[in-house]
Each structure stands twice: as structure tokens, then as C-alpha cells.
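See structure below.
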Amino acid sequence: METDSMNSTTIPERMNIDRTRWSYLDCVLKKGGPFTDPEAVFGDGVISRIESAKILVIGAGGLGCEILKNLALSGFKDIHVIDMDTIDVSNLNRQFLFRESDVGKSKAECAAAFVERRVKGVKITPYNCKIQDKDESFYSQFSLVVSGLDSIEARRWINAMLVDMVDAEDPESLKPIIDGGTEGFKGQARVILPTISACYECQLDMHVPRQAVPLCTLATIPRQPQHCIEWAHIIAWEEHRKGTVLDTDDPEHVTWLYQKALTRAEEFNIIGVTYSLTQGVVKNIIPAIASTNAIIAASCSNEALKIMTGCNPFMDNYMQYSGDSGIYTYTFNFAKKDDCPVCGNLARDMQVNPKLTLEDFIASLSERAESQLKKPSIRKAGKSLYMQFPASLEEQTRPNLMKKMSELVEDGEEIAVADAALSIPFRYIIRYS
Amino acid sequence: MAPPIATTPPVLQGPSAKEKKYDRQLRLWGANGQQALESSHILLLNSGAGVVGVETLKNLVLPGTGTFTIVDEAVVCEEDLGVNFFLEQSSLGKSRGEECCRLLLELNPEVKGFHIQKTIADFVKRSDLSQYTLIILVAPVGSLDVASEVSQIAWDLRQPLIYVHSVGFYSHTSVQLPPSFPIVDTHPDPPSTQDLRLLQPWSELLAYAKTQTADLEAFSDHDHGHVPWILLLLHYLEKWKESHNGEFSVRDDKKAFREFVGSHARTDNAEGGEENYDEALTAANRALTLPTIPSDLKSLLLEEECQIPRNSSANFWLIVNAISTFIKKHSLLPLPGTVPDMKSQSKDYIALQSLYRQKSQQDISEVTSNVRALEHALNRHIPIPDAEISAFCKNAAFVKLIHGRKLIINPLKHGWNDNSITTIIEHTTTMNFVSGKPSLFPILIALYGFDSAIAAAASVRPESNNLLAAASASPGFFTLMETYIRDVFGKLDSTSEDLDEALQHTLNIAREIQRSGPGELHNISSLTGGMIAQEVIKIITKQYVPVDNCLVFDGIESASAVYRL
Ligand SMILES: [Zn+2]
């Protein structure tokens with residue numbers, strides 16, 4: 001339409017003063033209410049603040065699609081979105097910015113283009129890459145980060161990055177993080193003010209890792225259909241198809257695993273191996289529905305609007321949501337931990353069995369709720385106990401793996417644990433039990 | 001055991017296109033739930049800015065709800081474009097229902113959608129509402145009489161109705177279910193569903209445990225470390241009883257019993273302990289409880305529909321009656337038959353598992369024959385499917401019955417149903433015990449005040465097609481809300497200080513409502529649309545447990561509360 005092209009090209013945004021479209025939103029931006037901070041100022045200043053704020057959305061999946069829509073309809077005009085994924089057909093039951101014809105395309109690019117088309121005047125910049133591909137200079141341009149991720153690892157990375165970026169001398173360096181997550185009918189939303197309130201790492205034990213099934217169970221004494229599937233996944237594939245990289249999105253590969261698992265299950269009289277279960281186990285599928293994403297994403301966007309405009313107080317600081325049985329929310333202040341390895345300044349106590357070998361101790365770090373580190377290297381003051389890299393150091397420190405913890409570390413001594421996935425080492429004080 | 005037979009592999013039966021698209025939700029509600037969704041027809045009676053209803057539909061169209069119909073009298077105006085995502089520039093001046101319908105249908109080619117441009121009053125007068133599976137009514141309807149009429153019709157038709165407000169930072173969702181709404185597939189948390197009967201083992205289980213653990217002390221370290229903890233506990237319970245006059249007291253002996261079990265774990269082996277004993281000690285607390293009949297089920301057994309089954313009774317009630325007969329005979333529920341994973345050899349675990357399965361099957365057969373006898377006595381010709389009886393038996397402890405109640409459209413006129421004034425005062429004044437924040441109930445009172453003020457404004461300017469604009473333009477709008485709120489508190493007829501504080505808080509909420517337009521904020525409507533869609537899915541699939549019956553959300557505190565009114 002003619003009027004459209006005129007709007008977007010010739011008239012600079014700031015002069016476009018017709019706010020009729022934003023009448024509903026402006027009600028809460030133009031004046032304060034009974035619950036707003038009495039010091040807060042409302043009106044054009046607030047409106048121009050939200051219009052000029054650069055805001056980063058991490059993830060353009062189930063939560064991300066909703067968040068982009070919500071932010072665009074909350075008056076944000078300069079939104080950036082980062083996601084490395086491409087669209088899969090199983091996304092279509094909730095990621096409403098995508099159509100069947102979009103399968104295979106970049107999520108970030110597709111989502112950005114759709115919202116730009118639908119909501120006039122909003123600019124959405126997509127980045128089709130991993131968050132780890134960007135550095136501090138990239139993240140420092142934003143005033144606020146909203147994350148809708150499905151990976152704990154990515155959350156820990158961005159959390160550590162934004163905590164690390166805080167410079168006490170420069171208030172602009174503090175970027176609030178609003179994080180959402182869902183599983184089935186449940187979810188949570190949280191507001192993190194890096195170095196001021198509890199960070200993601202402080203709250204890590206809210207997400208207890210799934211206990212891995214011991215290898216010997218898979219290899220010799222399977223009892224559950226899952227054990228047969230994991231056996232096919234971890235052991236049988238290596239044995240029969242070594243050299244072929246397993247692609248859990250390839251139906252031929254999944255079918256192969258399914259049939260191997262089925263045969264094994266029959267051998268042990270185990271029932272319940274299905275194609276769907278095979279897929280669920282090997283891809284670690286978490287059930288996801290549109291409605292839960294809508295709830296959590298809207299809660300995150302609502303907090304973003306409140307933080308950026310002060311139109312009402314923002315959440316302090318964590319909301320758990322459950323819709324399985326009735327609807328239940330629990331909103332509370334999650335306390336910041338002084339011994340948080342990311343935002344605290346004290347080393348954290350860790351109870352350890354002194355008879356454990358260093359190798360078993362390292363393995364236990366991936367299962368402990370408070371560490372969840374997959375490939376850690378361990379040092380103590382002036383000495384490397386075990387280093388994953390470089391190869392020469394790995395070789396030198398490898399003999400330590402067989403030694404008992406008590407031979408290597410004194411009771412009460414501090415160790416530093418570094419993991420390739422995270423930028424800063426974690427500090428623990430070993431306490432023998 | 002038959003050796004694996006070498007045959008040509010079966011034809012690859014991967015998931016269908018539909019199963020692929022809906023994979024992430026089928027893992028929650030399964031093919032049955034999906035089927036129920038696909039055959040349903042949702043009616044949205046839209047009003048106001050109309051965002052919350054459309055956001056709800058988005059969350060229902062995506063998972064494949066069969067059909068929806070939007071009734072909306074409005075024409076798209078510029079303000080709509082800043083708050084409703086399912087409208088575009090070219091929608092201006094067109095029917096809002098039609099445009100939303102068109103853009104919603106883009107989300108899922110398998111869904112059908114219709115739109116009707118009429119006022120709610122007009123539509124309700126001339127339509128047969130019985131063709132819809134569920135109705136969503138969005139406030140402010142303008143006329144409280146029309147809202148009451150919709151509620152009455154749905155009530156008479158036994159049709160679920162959801163009534164919703166989304167105003168500024170607040171929302172309210174009321175669910176009007178039929179007077180009797182049973183749910184079998186409630187999806188309880190897995191750990192809570194374990195019923196292993198260790199304190200009341202049936203004879204085969206006991207005999208099996210005895211033979212398997214007869215020589216326990218003589219077992220090799222490997223075998224000793226692989227005895228399933230269920231058998232360990234059964235074994236040591238017998239031993240315990242031998243030295244305690246044949247008694248084990250759940251109340252007094254648990255701690256000492258666990259120490260007794262723990263003392264038999266071997267520690268002189270390579271691992272310095274035994275995993276199966278560790279598992280036994282962890283499981284002991286939960287596993288060593290006497291099975292009880294849960295209170296929800298007990299009250300079901302007392303319902304008239306259970307006690308006096310009729311030819312026309314729903315399947316549900318016949319099965320409850322059959323289970324009641326089972327309970328009378330055994331003082332126990334049918335065994336669910338599931339066994340958690342535990343350290344053990346494959347064959348031992350499978351043997352134990354099949355023992356539980358056999359017992360469960362045996363119980364189900366007994367309940368089934370009770371059902372069949374009842375069907376015969378009642379002269380019913382279509383037998384209840386075996387699968388339905390079996391599913392009921394396995395989940396008997398978690399079956400739920402909700403007694404739906406009629407909506408409250410205007411508490412000043414129709415009161416708070418069965419709630420006493422004291423309950424309402426309690427709702428109004430009780431602080432949230434976790435957060436120490438004020439109750440959310442005043443939000444509901446303020447929203448009723450908002451409805452009443454809108455209705456008053458509408459009666460003055462009936463020709464206006466934008467009620468909200470008319471209302472906010474009306475200078476006395478806040479006074480109308482205030483009068484209503486003061487009347488409600490007057491009815492509560494209490495002189496307590498708490499109540500006066502609550503009144504002041506409620507008036508502040510009314511000020512906040514006034515400040516917001518009163519209109520919708522996209523985030524709050526989107527969030528509320530998510531919650532309503534969850535409720536709709538739970539009601540239609542008859543899975544999980546819906547809200548009973550009034551939910552309030554506060555977008556300032558980011559908190560919610562449920563009241564039964
Ligand atoms: Zn922290």
C-alpha cells in the first residue's frame with residue numbers, strides 16, 4: 001500500500017508522533033499509578049526510552065517467537081534476536097511465526113522477518129549463530145537481555161558473560177537478564193540483575209541433572225526400555241556403524257537404533273520400546289506446548305516492559321508456574337549466594353569421600369546439582385591435578401586420575417575447576433566426609 | 001525364552017506427518033487427547049479490545065483444536081493494531097472477527113475457523129449453543145444480564161464455560177464446569193503413584209521373596225549386591241517380625257528397621273558398600289506405608305451416582321461402583337502394577353515386574369467382572385471397553401471429581417454461591433503466607449466493580465460501538481467502580497481493621513484499572529490466553545486437573561491465586 005512505504009522510508013521515526021496505535025500501551029506509559037514508584041517520571045521521556053532501547057532476545061524457538069511478538073507489541077523498536085537453529089516440522093505446534101514452507105530455514109531470520117512485517121515500525125535484527133560466537137563488545141550494546149533457551153549450558157554461558165561484564169564504575173555495564181523456561185505444563189520466569197541479585201548459577205540446583213544410567217547396566221543388565229535404547233545409542237552404534245556420525249534427526253538412523261533396541265528388549269523380555277520412545281531418549285526430547293510458552297514468554301516480556309519503563313515494580317525475582325493440577329504459581333526472592341562460583345566472592349564447600357579417585361571425583365562433578373560440569377580440569381594452588389588440554393599437560397596429569405582424593409588434596413584445601421563450556425573457573429573447598 | 005528369530009526386518013513404520021508435527025504435545029496428552037482436541041469446536045464470544053480471546057485461540061489452533069468460531073461485533077481500528085498480533089495494516093475498517101479468523105487459520109491448515117459479526121446479545125438470542133464443545137466469554141460484555149444468560153445456557157447444556165477479564169496488569173479467569181466433571185487420567189507425579197504393598201504382600205509375592213532370598217547370607221558379593229530392594233525389604237521385614245513377636249509398627253519401628261537393614265549391607269567388598277541396600281534405605285520411608293483409600297476417592301464412593309447406578313449412568317460411575325465392590329471385599333484398591341527401576345539383574349527385575357503385572361491384571365479382571373455384572377443387572381447392552389476399565393483401575397488412587405459451580409457474574413446480585421461471608425472476608429484479607437503480600441482477591445472485587453461501571457456507561461450510551469472508549473470518557477467512571485466496591489465491602493459487614501486496609505487496597509487496584517484505560521496490555525492478555533488455553537485443553541482432553549474455579553493473576557507482583565467460589 002502507498003501509505004506504508006511512505007511511513008517507513010521518508011518520515012524519520014522520531015517525528016512520527018501519531019501514537020493512536022499505541023493508545024492502550026500509552027495509558028501506562030504516560031502516567032503513573034498507585035503502585036508505581038512515586039519518584040518515577042512518565043510521558044514522552046519513557047516512550048522515547050523504550051523506543052530507542054536495544055534489546056537482545058536469545059532463542060527464536062517456542063519462547064523466542066512469543067517474546068518477539070510481545071516485545072514488538074510492548075513498544076520496543078530495536079530488537080535483536082540470536083539463534084543458530086533451523087526450523088523443524090516438530091516446531092510447528094507452537095512456534096507460530098513459522099509455516100510448513102519454512103522448514104529448514106533459519107529460525108532467527110524467519111521470526112525477525114515475520115514480526116517486522118506484522119508490526120509496523122519495529123526493527124528486528126537476526127543473528128543466525130551460536131551465542132558463543134559473539135563477544136563482550138557485541139553483548140555490551142544492549143540494555144536488556146531476554147532469554148528463552150532450552151539448554152542449561154547456553155544459559156550458564158550467557159549468565160557468566162553478563163556477570164563478568166559488570167563494571168562497578170559504569171552503571172550502563174549492568175544488563176538485566178530475564179530468563180524463561182518451560183517443560184510440559186510447567187515453567188519458570190526469573191529476573192537477574194547481574195552481581196546484585198541471584199544469578200543463574202546461584203539457582204543452578206533448581207535444575208537437577210538427570211541421573212545417567214551406569215554403563216554396566218546398559219551393557220549387561222538392562223531392565224527398562226530406556227536401557228535398551230541407550231545401549232543401541234551408545235554401544236551398538238559404535239560397534240556396527242563406527243565412522244558414521246549419528247544424526248538423531250535422520251529417520252534412517254533413528255529407525256536403526258529403534259530396531260537394535262527392540263531386538264535387545266526382546267532378548268531380555270523387556271516391553272515398551274517404541275519408535276517414539278527411542279526418539280525421545282536419543283534426542284532428550286522435552287514435551288513443549290504453545291500455551292505454556294505463551295505464559296512464560298509473556299511473563300518475561302511483562303518484566304522487560306516494567307524494567308525499561310518503571311510503569312510498575314518488576315518481579316523480585318523468580319516465578320515458578322505449574323498447570324498440571326489446577327494452576328499454581330510460586331513467586332519468591334531467590335537469595336544471591338555469597339559462594340556462587342560466578343557472582344559470589346567466596347569459595348564453596350564441597351563434601352567429598354576421601355577414598356574417591358580423582359577420576360571418579362571428576363565424573364561426579366557432572367552429576368552434582370551444584371556443579372554439572374561435563375569436561376572439567378582441576379587445579380589447586382600452584383599445581384595442576386588434571387588438565388583436559390593441552391595434550392601434553394593431559395598426559396602429564398593423567399596418572400593422578402587413579403590416585404585417591406585424599407592423596408592429592410588436603411581436607412579444607414581449595415581447588416579450582418575449569419570447564420571448556422564456561423569462561424571462569426569455579427572455586428571449591430574440599431571437605432572430607 | 002524364545003531365541004531372537006532371524007527374519008527380514010519389518011517395514012519401516014516411522015511416525016506419520018501428523019505425529020511428527022504434534023510430537024512434543026502427544027508426549028503429554030497422547031493420541032486420545034489429540035483426538036478429543038481435533039473433534040472439538042470452541043466458541044469465542046469476544047468483546048473489549050478482544051486480545052485475550054484471540055491469544056487463547058492461537059494456543060488452541062497450534063495444537064490442532066478442530067474448529068473455532070469467533071463472535072465479535074467490532075470493526076478493526078488503529079488502536080487494535082498496537083495490541084493485537086492477529087491483525088495487520090490492511091485489516092483497518094474490516095470486521096475484526098473475520099480478520100483475526102483469517103490470520104489465525106494461517107497457523108494450522110488442519111483447523112477450521114468461522115466468524116460472526118454480531119453483538120453477543122444478538123448472537124446468543126438467535127443461536128443454538130449446543131453445537132459447541134466449550135465457550136469462552138470475554139468481559140466486559142456490557143450487559144451483566146447477557147453474561148448471566150450465557151452462563152445459564154451453558155449450565156443447562158452441561159457445557160464448560162470460561163469467563164475472562166484482562167484489564168491492564170490484571171486478569172481473572174473463571175471456569176464453569178458441569179455439576180459433575182470426573183477425570184480419570186489426572187497425570188499424577190510418578191513418585192507419588194508407587195503402591196508396592198510391601199506391608200500387605202499378596203501370597204505369591206511373599207512366596208517369591210522367600211525363595212529368592214532364602215540363602216541371602218551365602219550369596220556371592222555379586223549376587224548379594226543385585227537383589228532388588230523390594231525383595232530385600234520383604235526379607236528383612238520377615239526377619240524383623242521373627243524377633244519382634246511377629247509385629248512391625250509403621251509408626252514406631254521404621255527408623256530402627258532401616259538401621260537393621262543397613263547393618264546387613266556388605267562393606268568389605270570392592271565398592272565399600274552396596275547400591276541395592278542404599279536404594280532400599282532410601283525407598284523404605286515411602287514404601288513402608290499402609291496403602292490407604294485417598295479422600296477424593298472416598299468421597300466419590302459416597303456420591304449418589306456411585307451408590308445407585310442406573311441404566312443411563314456414565315461409564316465412569318459404573319466403574320466407580322465396581323471398584324467400590326472391590327474395596328468392600330479387599331479393603332484395598334486394585335494394584336496399579338508399576339515397579340520403579342532398581343539395581344538388579346535383568347531376569348530378576350523382569351520376574352518381579354511380571355509378578356506385579358499379573359496381580360494388577362487379576363485385580364482388573366475382578367473389577368471388570370463386577371462391571372459386567374452391573375451392566376447385566378442394569379440391562380445395558382453396550383459394554384464399557386476393557387481399556388477404559390483397566391485405565392481407571394491403574395489410576396484409581398488419583399481419580400478426581402470436580403463439582404462445577406455456576407459463574408458469579410455480579411456478586412452483589414447473586415452472592416458468592418456457597419461461600420459464607422466469613423470465607424469471603426478471609427479471601428479478602430488473608431496475606432499470602434509465603435510472600436507476605438496482600439491477598440489477590442481484591443483484584444476480583446475491583447474487576448466486578450469495573451464490569452458494573454462499564455454496564456452503567458453502556459446503558460447511558462448504548463449506540464457506542466466502542467464501550468471502553470465510552471467508559472473511559474465518562475467522567476464518573478472511577479466513582480462508579482468505587483461505589484460498587486464500597487457496596488461489596490458494606491455487605492461484608494465487618495468492622496475489622498484488616499478489612500478496611502483491604503478496602504483501601506481494592507480502591508488502589510480500581511485506580512490502577514482506571515489508569516490502564518481501562519484496556520488490555522498485550523503481555524497480560526497473552527499470558528492469560530496461555531492459562532486459558534491450558535484449561536481448555538485439560539477440560540477437552542479430560543486429562544490433568546482444571547482450575548476449580550476462579551483464577552486471579554496480578555501482573556505487577558507476577559503472582560496468581562485460585563479461589564473456589
Ligand atoms: Zn550467582
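Of note:
- The Kirkwood radius of the range A:215-282, taken over pairs of alpha-carbon atoms, gives through the Stokes-Einstein law at 20 °C and 1.002 mPa s a diffusion coefficient of 184 µm² s⁻¹.
- The rule of thumb for compact globular proteins, 2.2 N^0.38 Å, goes into the C-alpha radius of gyration of chain B 1.20 times.
- The charge dipole of the protein assembly as shown, taken about its Cα centre with unit charges on the Cβ atoms of Lys, Arg (+1), Asp and Glu (-1) only, comes to about 1380 debye.
- Taking a straight line from the alpha carbon of B:LYS437, these aspartates and glutamates sit under 18 Å away, with near neighbours fewer than eight places off in the same chain left out: A:ASP37, A:ASP316, B:GLU426, B:GLU497, B:ASP498, B:ASP500, B:GLU501, B:GLU512, B:ASP554, B:GLU557.
- Beta bridges assigned by DSSP with both partners in the protein assembly as shown are antiparallel in approximately 55 percent of cases.
- Electrostatic bookkeeping for A:PRO126 treats Lys and Arg as +1 and Asp and Glu as -1; over the other residues with beta carbon under 9 Å from its beta carbon, the sum is -1.
- Filtered trypsin sites (Lys or Arg not before Pro), the range B:118-216: DSSP coil and at most 13 other beta carbons within 10 Å: B:ARG158
- The range B:196-287: translational diffusion in µm²/s, Stokes-Einstein, Kirkwood Rh over Cα pairs, 4 °C, 1.567 mPa s: 96 µm²/s
- Nearby lysines by direct alpha-carbon distance to B:LYS329 (threshold 26 angstrom, same-chain neighbours under 8 apart not counted): B:LYS298, B:LYS359, B:LYS394, B:LYS400
- Largest mean-square fluctuation among A:ASP249, A:ASP411, A:ASP135, in a Gaussian network model of chain A whose springs join Cα atoms under 10 Å apart, belongs to A:ASP249.
- Solution diffusion estimate, µm²/s, Stokes-Einstein, the range A:305-433, Kirkwood Rh from C-alpha pairs, 10 °C, viscosity 1.306 mPa s: 92 µm²/s
- Pairs from A:LYS77/A:LYS337; A:LYS134/B:LYS112; A:LYS30/A:LYS120; A:LYS77/B:LYS118 whose Cα-Cα separation, in the structure shown, is over 32 Å: A:LYS77/A:LYS337; A:LYS134/B:LYS112; A:LYS77/B:LYS118
- Extent along the principal axes, Cα only, for the range A:56-133: 31, 28, 17 Å, with the longest axis given first.
- C-alpha long axis of helix B:441-460 to longest principal axis of chain B, angle in °: 30 degrees
- Footprinting exposure proxy ranking of B:HIS187, A:HIS207, B:HIS376, fewest other C-beta atoms within 10 angstrom first, gives B:HIS376, A:HIS207, B:HIS187.
- Cross-link reach is defined here as a Cα-Cα straight distance under 27 Å, omitting same-chain residues fewer than 8 places apart; for A:LYS404 the lysines meeting it are A:LYS355, A:LYS374, A:LYS375, A:LYS380, A:LYS383, B:LYS343.
- When A:LYS107, A:LYS77, B:LYS298 are arranged by Cβ crowding within 10 Å, least crowded first, meaning fewest neighbours, the order is B:LYS298, A:LYS77, A:LYS107.
- Among the GluC sites (Glu not before Pro) within the range A:293-376, not one is in coil by DSSP while having at most 16 neighbouring Cβ atoms inside 10 Å.
- One quarter of the convex hull surface built on the alpha carbon atoms of the range A:92-246 amounts to 13.9 nm², the projected area averaged over directions.
- Rg/Rh ratio calculated on Cα atoms of the range B:224-266 (Kirkwood radius): 0.97
- Within chain B, DSSP assigns beta bridges of which about 50% are antiparallel (rounded to the nearest 5).
- The range B:51-108: trypsin sites (Lys or Arg not before Pro) in DSSP coil with no more than 14 other Cβ atoms inside 10 Å: B:LYS94
- Relative to one another, the C-alpha centroids of the range B:505-553 and the range A:171-244 are positioned 32 Å apart.
- For chain A, taking Cα atoms only, Rg and Dmax work out to 24.8, 79 Å respectively.
- Here the alpha carbons of the range B:351-408 define both size measures, Rg and Dmax, at 15.6, 56 Å.
- Rg over Rh, two decimals, the range B:295-402 (C-alpha only, Kirkwood Rh): 1.05
- Against the empirical curve 2.2 N^0.38 Å, the C-alpha radius of gyration of the protein assembly as shown lands at a ratio of 1.01.
- Note on the range A:349-411: the alpha carbon radius of gyration divided by the globular reference 2.2 N^0.38 Å gives 1.07.
- Taking the Kirkwood radius as Rh and the Cα radius of gyration as Rg, the range B:395-458 has a ratio of Rg/Rh equal to 1.10.
- With the convex hull drawn over the C-alpha atoms of the range B:521-565, the volume per residue is 75 Å³.
- Ranking of A:TYR328, B:TYR22 by count of other Cβ atoms within 10 Å, fewest first: A:TYR328, B:TYR22
- On the beta carbon distance between B:ILE293 and B:ARG357, with R0 = 25 Å, the FRET formula returns roughly 0.65.
Coordinate-derived values only; no laboratory data. The model shown is predicted, which means the values in this text are computed figures rather than measured ones. Note that we place each Cβ from the backbone using ideal geometry, even for glycine, and neighbour counts take in every protein chain shown.
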